[in-house]
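To start, the structure under review is shown below, and the notes come after it.
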Amino acid sequence: MVTIFHLVFELIKISILSCIYAFLVLIAFKIIARYRTNSWFDRVSKRKFRLWFLSGLFISIGLFFFMFSYYGDHGLGDDARVPIGHWRAIQEVDARQAYIQDEGPINLIEIDKFIITDKYVYGLTGGENENYEGGYFVYDLVNNKVKTFMQEKEFIYYLAANKLETRPTYKNFNYYYKEYWDDWKFWVLP
């Protein structure tokens, strides 16, 4: 039910954004037509409503498809998502359980606090899970593989061998979600 409400909210947001962007397109066409009389911009800008409506329609369709793309999908309802590179993402359910998926035998691993780099995500696992053992993980984004560690010593050795920071300040999912989706993206994208 929450997903449906969020989808309806996003559709309303897309319609408002497309109206605003279509108005900006109309203004841009008018400005260009003022300096380039008898041009295509001049002819198109004379039909204001048609220009506004069609540009709004195409913009809303583009925003709708962007909302479900790799870079635009931030989850619906109680599901949240952050892209982390290499066409991978970290997801969270019910605002409390963050997880990653890989193609290996683990398939799904719950994570608590972590660091995101260009090629790796690493940190502390969260909760109890029958699919893996260990309190530490390293997610290789390039190969889409997760390696878990039982002991911190093995984990730190692996980080050092891969030239990763061994004593970072780990962040939770909410930190990365706000870092990726807040500010201007919240206001100008669905």
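The values are calculated or read from the model by the stated rules, or taken from the named source; none is laboratory data. Keep in mind that this is a model prediction, so the values were computed, not measured. Note that each Cβ is placed from the backbone with ideal geometry, even for glycine, and that neighbours are counted across all protein chains shown.
Considering segment 57-79, the residues that are part of a loop (DSSP other than H, G, I, E, B) and of a type in the set (Asp, Glu) include one that is surrounded by the most Cβ atoms within 10 Å (Cβ to Cβ), namely ASP73.
Selection over segment 132-170 of residues that are surrounded by 15 or more Cβ atoms within 10 Å (Cβ to Cβ) and part of a strand (DSSP E or B) gives a count of 9. Of the residues making up segment 171-190, not one is among the β-branched types (Val, Ile, Thr) and surrounded by 14 or more Cβ atoms within 10 Å (Cβ to Cβ).
Selection of first residues in segment 33-47 that are assigned to a loop (DSSP other than H, G, I, E, B) and of second residues that are among the charged types (D, E, K, R), restricted to Cβ pairs under 8 Å at least 6 apart or on distinct chains, gives the following pairs, ordered by first then second residue: ARG36/ASP42. Tallying residues that are among the β-branched types (Val, Ile, Thr), touching a helix residue (DSSP H, G or I) at 6+ places or on another chain (Cβ under 8 Å) and farther than 13 Å from LEU51 by Cβ within segment 9-37 yields 1. A residue that is modelled with pLDDT of 90 or more and assigned to a loop (DSSP other than H, G, I, E, B) occurs somewhere in segment 172-188. With the requirement that a residue be under 17 Å from MET67 (Cβ atoms) and at pLDDT below 95, what does segment 11-43 give you? Within segment 11-43, none qualify.
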